[in-house]
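The values are calculated or read from the model by the stated rules, or taken from the named source; none is laboratory data. Here the structure is a predicted model, which is why all the values come from computation and not from measurement. For neighbour counting, all protein chains shown are included, and Cβ atoms are generated from backbone atoms with ideal geometry for every residue, glycine included.
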Amino acid sequence: MSCGLCLNDCPTYRIIGDEADSPRGRIHLVREMLATPGAPKASTVEHLEACLVCRACETACPSLVPFGRIMEGAREEIADRRAPGGPRGRIRAALVDVVTRPRLLRVLSSLASLYDRIGMRALARRVLPRRLAEMQSLLPLPEGAPYRPRGRSDADVQLVAGCVMAVAFGETQRATARLLEGAGRSVGSPEAQVCCGALHAHAGLGQRARELARSNIEAFGDGERPIVVTAAGCGAHLRAYGHLLRDDPGYADRASRFAARVRDASEVLAPADARRSLGRPVRVVYQDACHLAHGQGIRRQPRDLLRAIDGVELVAIADPERCCGSAGIYNLTHPEVATQLQRQKVAAILAARPDAVVSANPGCILQIQGGLRAAGSDVRVVHLMRALDDPASLSKGASPSKR
Ligand code: SF4
Ligand code: SF4
């Protein structure tokens with residue numbers, strides 16, 4: 001259609017101001033690349049790699065162009081053609097490898113914790129060059145012990161442990177299980193599950209993404225039990241397994257059935273399950289994660305759950321669905337654009353004068369937390385499930401934001 005109605009909603013177009021960094025421009029580049037044999041031009045690779053895959057353009061597009069799928073396919077095509085001149089792509093592949101290995105993540109997370117305890121983080125903020133200081137603020141600090149998945153034969157819901165979620169947000173995962181059990185569900189979490197593969201798919205590592213999808217289909221098994229997710233990026237990708245394995249005759253049908261069972265935790269809980277009292281009013285900003293709002297169309301449920309906590313006042317911010325710049329590992333591969341988006345988000349949050357920010361995605365939490373700290377703010381940033389399980393985490397001193 002090339003109508004351009006998506007342009008104003010594209011964060012990279014608004015920052016970079018180049019048509020080639022807009023959804024319409026990128027679709028044009030993908031078309032051109034597919035029509036031209038051989039390695040794609042370095043400039044094409046750069047513009048396609050600069051996309052956040054935030055999918056805001058999908059929400060804006062009246063023609064329902066599936067931009068996320070187009071971009072993942074294009075990146076796989078780039079990887080297959082072994083394009084030269086894509087150093088950021090190679091960095092991204094190496095980073096994907098680190099972030100999706102729980103054992104390695106656990107070691108990094110423990111080092112980050114030690115680094116924080118001995119005061120290095122505060123020192124680094126003062127002495128490191130600005131870019132490095134911003135990057136070190138994104139190091140995930142563990143929230144208690146890691147979450148260890150444990151299968152249960154009588155489980156009626158299955159919890160996705162996640163990579164970053166299991167290592168750095170262990171307490172949030174246990175809180176999710178408590179909430180679900182409190183709502184009368186029995187919760188299992190298959191021990192054989194692996195990374196969902198979202199970051200691999202975004203990086204064009206399609207073959208690895210498909211291997212991981214097959215492993216998860218085996219680990220979670222067939223049947224009807226909901227597969228519950230607490231990370232927006234993982235949920236959006238798990239729902240796409242049917243598309244990812246559509247050409248695999250051994251798995252296509254099972255993948256579609258698997259995808260149909262995926263639920264964000266906010267869809268499984270009802271406001272009655274979250275009814276608690278805070279004892280005092282707390283102003284809360286709910287941050288829409290791109291892969292929850294644009295990727296899965298989930299906007300109302302998290303807000304309804306938060307409103308069920310007596311004392312919570314939800315306050316609106318400007319451009320609530322604009323990406324915060326986290327976007328998987330985009331903040332590491334494209335720190336210039338990511339930092340601008342982070343600052344815009346932090347400014348919008350601070351203008352609303354909240355006591356806490358709530359999100360349902362680990363990347364957004366770390367990105368916003370880092371931005372708020374850099375701005376000298378102590379506003380708390382809490383995962384939705386943690387807030388519902390323990391509403392005092394929205395206001396008390398020893399909060400997850402102080403991790
Ligand atoms: S996915 Fe996001 S960054 Fe990429 S073109 Fe669409 S709106 Fe722009
Ligand atoms: S992606 Fe959709 S909104 Fe954007 S130019 Fe194409 S048809 Fe128009």
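Count of region 27-40 residues, restricted to those that are in contact with a helix residue (DSSP H, G or I) (Cβ under 8 Å, 6 or more places away or on another chain) and not in a helix (DSSP H, G or I), is 1. The single condition from (1) in contact (Cβ under 8 Å) with a residue 24 or more places away in the chain; (2) in contact with a Ser or Thr (Cβ under 8 Å, 6 or more places away or on another chain) that Leu179 fails is (2).
Name every residue in region 17-26 that is in a helix (DSSP H, G or I) and either more than 10 Å from ligand 1 (Cβ to nearest atom) or among the hydroxyl-bearing types (Ser, Thr, Tyr) (or both), in order of residue number.
Glu19, Ala20
Restricted to region 26-73, and to residues there that are touching a Leu at 6+ places or on another chain (Cβ under 7 Å) and more than 14 Å from ligand 2 (Cβ to nearest atom), the residue that is farthest from Asn331 (Cα to Cα) is Thr44.
If you go through region 1-15 and keep only what is within 15 Å of His47 (Cβ to Cβ) and near ligand 2 (Cβ under 10 Å from one of its atoms), you end up with Leu7, Cys10. Filtering region 316-351 to residues that are surrounded by fewer than 17 Cβ atoms within 10 Å (Cβ to Cβ), assigned to a loop (DSSP other than H, G, I, E, B) and not charged (D, E, K, R) leaves Ala316, Ala318, Pro320.
Rundown of residues vs (1) surrounded by fewer than 20 Cβ atoms within 10 Å (Cβ to Cβ); (2) closer than 21 Å to Glu72 by Cβ; (3) touching a Phe, Trp or Tyr at 6+ places or on another chain (Cβ under 6 Å), yes/no style:
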residue: Gly221; (1), (2), (3): yes, no, no
residue: Gly242; (1), (2), (3): yes, yes, no
residue: Gly250; (1), (2), (3): yes, no, no
residue: Ser256; (1), (2), (3): yes, yes, no
residue: Glu267; (1), (2), (3): yes, no, no
residue: Ala289; (1), (2), (3): no, yes, no
residue: Ile298; (1), (2), (3): no, yes, no
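Answer yes or no as to whether Arg81 is in contact (Cβ under 8 Å) with a residue 12 or more places away in the chain, of a type in the set (Lys, Arg) and within 10 Å of ligand 1 (Cβ to nearest atom). Explain how you work it out, then say what you get.
Numbers: in contact (Cβ under 8 Å) with a residue 12 or more places away in the chain: yes; of a type in the set (Lys, Arg): yes; within 10 Å of ligand 1 (Cβ to nearest atom): no.
Spelling it out, it is not the case that Arg81 is in contact (Cβ under 8 Å) with a residue 12 or more places away in the chain, of a type in the set (Lys, Arg) and within 10 Å of ligand 1 (Cβ to nearest atom).
Take the conditions (1) over 21 Å from Ala289 (Cα atoms); (2) outside any helix (DSSP H, G or I); (3) touching a residue at least 60 places away in the same chain (Cβ under 8 Å); Cys195 misses just one of them, which is (1). Checked against (1) modelled with pLDDT of 95 or more; (2) touching a strand residue (DSSP E or B) at 6+ places or on another chain (Cβ under 9 Å), Ser393 meets all criteria but (1).
Does region 150-173 contain at least one residue that is buried (at least 20 other Cβ atoms within 10 Å of the Cβ), more than 17 Å from the chain's Cα centre (by Cα) and in a helix (DSSP H, G or I)? Yes, region 150-173 contains at least one residue that is buried (at least 20 other Cβ atoms within 10 Å of the Cβ), more than 17 Å from the chain's Cα centre (by Cα) and in a helix (DSSP H, G or I). I'm checking my understanding of the structure. Among residues of region 239-284 that are more than 20 Å from the chain's Cα centre (by Cα) and of a type in the set (S, T, N, Q), which one is farthest from Gln173 (Cα to Cα)? Among residues in region 239-284 that are more than 20 Å from the chain's Cα centre (by Cα) and of a type in the set (S, T, N, Q), the one farthest from Gln173 (Cα to Cα) is Ser256. Selection over region 29-69 of residues that are more than 10 Å from ligand 1 (Cβ to nearest atom), within 20 Å of the chain's Cα centre (by Cα) and basic (Lys, Arg) gives a count of 1. Within region 1-16, residues that are farther than 13 Å from Glu321 by Cβ and assigned to a loop (DSSP other than H, G, I, E, B) reach partners that are more than 12 Å from ligand 1 (Cβ to nearest atom) and of a type outside the set (D, E, K, R) with beta carbons closer than 6 Å, at six or more positions or on different chains, in the pairs Met1/Ser63.
Contact map, region 21-34: residues that are closer than 14 Å to Met1 by Cα paired with residues that are of a type in the set (Asp, Glu) and part of a helix (DSSP H, G or I), Cβ distance under 7 Å, separation 6+ or inter-chain. Pairs shown: Gly25/Glu19.
Could you list, in sequence order, all residues of region 175-192 that are in a loop (DSSP other than H, G, I, E, B) and crowded, with 22+ Cβ neighbours inside 10 Å?
Here is the first cut: in region 175-192, the residues in a loop (DSSP other than H, G, I, E, B) are 183-186, 189-192.
Correct list: Ser189 only.
If you go through region 309-336 and pick out every residue that is among the aliphatic types (A, V, I, L, M) and in contact with a Leu (Cβ under 8 Å, 6 or more places away or on another chain), you end up with 6.
Among the residues of region 49-67, those that are in a helix (DSSP H, G or I) and at pLDDT 95 or above comprise Ala56, Cys57, Glu58, Thr59, Ala60, Phe67.
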